[in-house]
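Here the structure is laid out as structure tokens; the discussion comes afterwards.
The values are calculated or read from the model by the stated rules, or taken from the named source; none is laboratory data. If you're wondering where the values come from, they're calculated on a predicted model, not measured in any experiment. Cβ atoms come from the backbone with ideal geometry, glycine included; neighbour counts cover every protein chain shown. Ligands, DNA and RNA are stripped out before the accessible areas are found, and what is left, the full protein with its side chains, is counted by its heavy atoms. Shrake-Rupley method; radii C 1.70, N 1.55, O 1.52, S 1.80 Å.
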Amino acid sequence: MTRVAKGNAQVGQAAPAEPPLQVLEGTIERFTYQNPENGYTVARLQPKGKAYEVTAVGTLAGAAVGELVRLRGYWRSHPEYGRQFEVRAFSVSLPATIEGIRKYLGSGLIKGIGPVNASRIVDAFGLATLDVIESDPGRLRQVPGVGPKRAELIRKGWEEQRSIKEIMIFLQGQGIGTGLAVRIFKCYGNQALEVVQHDPYRLAQDVHGIGFKTADKVAHALGMPADSPQRIQAGLQHVLGTFCDEGHCFASQPQLIARAAELLEVPAPACQAQLAALIAREALIAENDAVYLPAFHQAEVSVARKLRLLQSAARDRLAQFRGIDWTRAFAWLQQQSALTLVQPQMDAVRMALSEKVSILTGGPGTGKSTIVGSLIALLAAKQGSVLLAAPTGRAAKRLSETSGLEARTIHRLLEYNPGATKAFVRDRDNPLDADLIIVDEASMIDILLMNHLLRAVEAGSHLLLVGDVDQLPSVGPGNVLRDLIASEVIPVTRLTTIFRQAAGSAIVANAHRINRGEAPLTSREIHDFYMFREPDPARAADLVIDLVARRIPGKFGLDRQEGIQVLSPMHRGAAGVGELNRRLQERLNPPAPSKPEVAHGARTFRLGDRVMQVRNNYDKKVFNGDLGRVAAVDLEDKTLAVDFDSERVEYEFLQLDELAHAYAASVHKAQGCEFPAVVIPLLNQHYLLLQRNLLYTGVTRARQLVVLVGSPKAVAMAVRNDRIAKRNTRLAQRMREAAPEPAQARYRAAP
């Protein structure tokens, strides 16, 4: 098995003549560095027949500890690391010695075999070990500690590695490293080579971690012309996908053509022609000047249609509230709860029970939870039923705590089951059984999730969307809550008064000041909102680390692991999410013999780490933004387990790109969450991202304490910048089209 390690000669330059390749044979003892993306490796090798080790560097994708390798390349002298063998090509053979087999199996290459089991298996079968695994794996059950389940795991791991190695021979030649090659195999199995060779652009659509540029590089290596229809169509679909990643539901044709022509480096007319071909076969949907991916067009149309249907349906499961004496009802509520509702709150309660679809919005401390509690009490008195939901686990848990009833994530409410014939068990054929459905944190709901939710709401039920429209919009495409309010078709109550129980909180007061465009107040008399002035990014980062690790726990008694969340506007830089996570992990959860860990790319995941899911995984039922803690790292089975709010989820090591550390997070990722304390670095270098709704959202994530660190100028920039990035959506327009009548004509929404 021979693989070629590519050189670095630049295109257009004649490579200088090199002497014949030298040969080095030996056994790989260990790897001191491996880049899983491109296969570049630094390995220690014991030359054949020698007792010493040497260093080999180069692309060694697929090679494993214990394997006998035949390297071809050159001896070089590195100014810092000394004499090294620079690999240009290599071939491998399975180990042929007892010790070589022991190292090979103990390297963790085969799932189910770690160092302990490797020694036991080799002790049992000696030089015949690999033949036993290959031809008669049932005999492994003779080894102490290897039961039927582990024997089957080893058999599958062996077959998988053999197939992966064959595929790597081809993929490495296309510049695809070990990590991505394994992911491609996981996606397509034994069809991987066929897919890569005949439809390389599928990689960008199907395999997480492979973007269009990587797929395009493979296609180019296979000889696909730059102006081929397949390439241009794939490029157009990719560009439209990037618009959706930015929160848009569609792109205008000029935007799409211009961006695709720039990416592909082909003339705009060629892109226009292939766009027409995609539209003709309905791979893309054109509506006037807008171009949609089919799923987003269907979702936007369906959401508007279903909301209008709910509003106009004759059946009403809460018809008993049409003739209710509201004066008596609110007096009864006051007796039950000892709370007096003010007029806007009473209007909101009446609206939710009288209107089939309604919206309740307002900032912190304005009484949204009081209204939800009042609705639950009135429904209980009339034997009505209610279901509570929120987009994330944390938001659902908080809704449960404030309401006293069970609240579920929207996915759980809809009984999401990725293995079923229908992914969402609850839909129009099997709707939710409730008189009133209350959905909190509605600003986080994207257009696709809203479509799935509405499909499960039957025509007689009432739907109340509760959220803060001034927060950041959803991570996914669309701006659902804002669009529905802007349509003026659905009745809305907007709460603005801060109630006495919240008025003493500087967090609440400053959140509303920020929302009005006023700078937050800090003083010696304020004990839950602080500003530390430090304009230098490096020193600001040092201060953030010290605040989390020492000062806040010491002064306020908060747990430094669970009670404090750092929220940064940026991912890069000294005070960005990435570097702060690295330093906070080092300070809060340092390495120890009792804490197993696994390196994945630039990250090391360690037992006890705070982590966040960074993309939706419908199979595991965990979603972008879910927070958890590493509960187990199994180096033998190559799995890592994370405890999320509701359950434990297991990941194979190859899936760890779905996780990121969560000691620090972006404000967007923290939506729907609430923490005892938040620390927010705000610096002038963040100016591109400093927006009022970002600062407002970050501040409102805190229950007890907010600490801003950085430049007062940066805070002022954020407060002044009330521009909301426009998203390409047509939901508001669709809601207004053929709407029966404006909401204000049917119901007087509270000011």
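The long axis of helix 294-312 is offset from the longest Cα principal axis of the chain by roughly 20 degrees. Taking the 0 to 90 degree range and rounding to the nearest ten, how far is the long axis of helix 229-245 tilted relative to the main principal axis of the chain, both from C-alpha atoms? Taking Cα atoms only, the helix is inclined about 50 degrees. The C-alpha atoms of segment 351-410 occupy a region whose extents along the principal axes are 30, 24, 19 Å, arranged from largest to smallest.
Placing +1 on the Cβ of every Lys and Arg and -1 on the Cβ of every Asp and Glu, with nothing else charged, gives segment 329-418 a dipole about its Cα centre of roughly 140 debye. Relative to a virtual label point 7 Å from the Cα of D536 in the Cα→beta-carbon direction, which members of segment 584-601 show backbone nitrogen distances below 19 Å? Answer for segment 584-601: none. Solvent-accessible area per residue in the chain equals 45 Å², computed with a 1.4 angstrom probe and all protein chains kept. Between S91 and R550, residue separation times 0.36 nm minus the direct Cα-Cα distance comes to 159.9 nm. Measuring r between the beta carbons of A631 and R582 and using R0 = 25 Å, the FRET efficiency lands at 0.70. In this view, the solvent-accessible surface of K621, computed with a 1.4 Å probe and all protein chains in place, comes to about 80 Å².
Within the chain, what whole-number % of the accessible surface is contributed by carbon and sulfur, with the 1.4 Å probe and all protein chains included in the calculation?
Roughly 50 percent of what the probe reaches on the chain is carbon or sulfur.
Under the simplified labelling scheme, the Q335-E562 pair shows an inter-label distance of 4.1 nm, with each label point 7 Å from Cα along Cα→Cβ. When segment 471-615 is described by a simple charge dipole with +1 on each Lys and Arg Cβ and -1 on each Asp and Glu Cβ, the residue from L495, G478, A602 located farthest towards its positive end is A602. Take the Cβ atoms of E99 and D619, set R0 to 30 Å, and the FRET efficiency comes out at 0.15.
Between segment 650-666 and segment 258-282, the alpha-carbon centres lie 36 Å apart. Stretching R572 away from K726 to a fully extended chain increases their span by 53.0 nm, per 0.36 nm per residue minus the current alpha-carbon distance.
Couplings 3J(HN,Hα) of segment 421-432, computed from phi: 4, 10, 4, 9, 5, 8, 8, 5, 7, 9, x, 5 Hz, in residue order, whole Hz [Karplus 6.51 cos²θ - 1.76 cosθ + 1.60, θ = phi - 60°; x for Gly and Pro].
Centre-to-centre, using Cα atoms only, segment 334-375 and segment 378-446 are separated by 19 Å.
Computed on segment 576-709, with alpha-carbon pairs under 8 angstrom and 6+ residues apart, the relative contact order is 20 percent. Amide H contacts for R88 (H built 1.01 Å from N in the peptide plane; partners 5 or more residues away or on another chain; cut-off under 5 Å): R72, G73, Y74. Computed extension gain for R141 through H220, at 0.36 nm per residue and net of the alpha carbon distance, reaches 23.6 nm.
Restricting attention to segment 248-341, which GluC sites (Glu not before Pro) occupy a DSSP loop and are surrounded by at most 15 other Cβ atoms within 10 Å? Hits after loop and neighbour filter: E265, E282. Heavy-atom accessible surface of M735, to the nearest 10 Å², is about 0 Å², with a 1.4 Å probe and all protein chains retained.
Taking all protein chains as shown and a probe of 1.4 angstrom, H208 keeps an accessible surface of around 70 Å².
Rounded to the nearest whole Hz, the Karplus-based 3J(HN,Hα) values (6.51 cos²θ - 1.76 cosθ + 1.60, θ = phi - 60°) of segment 707-713 follow the sequence 10, 9, 10, x, 9, x, 5, with x at glycine and proline. Treating each Cα of segment 268-313 as an identical point scatterer and summing with the Debye formula, the log10 of I(q)/I(0) at q = 0.20 Å⁻¹ comes to -0.68.
Note on segment 583-604 and segment 697-740: Cα centroid distance 35 Å, given to the nearest whole angstrom. Residue-wise HN-Hα couplings along segment 378-384, as the Karplus relation 6.51 cos²θ - 1.76 cosθ + 1.60 with θ = phi - 60° gives them from phi, are 5, 5, 4, 5, 9, 6, x Hz; Gly and Pro carry x. Using only Cα atoms, tell me the angle between helix 115-125 and the longest principal axis of the chain; keep it within 0 to 90° and round to the nearest 10. Around 40 degrees separate the two axes.
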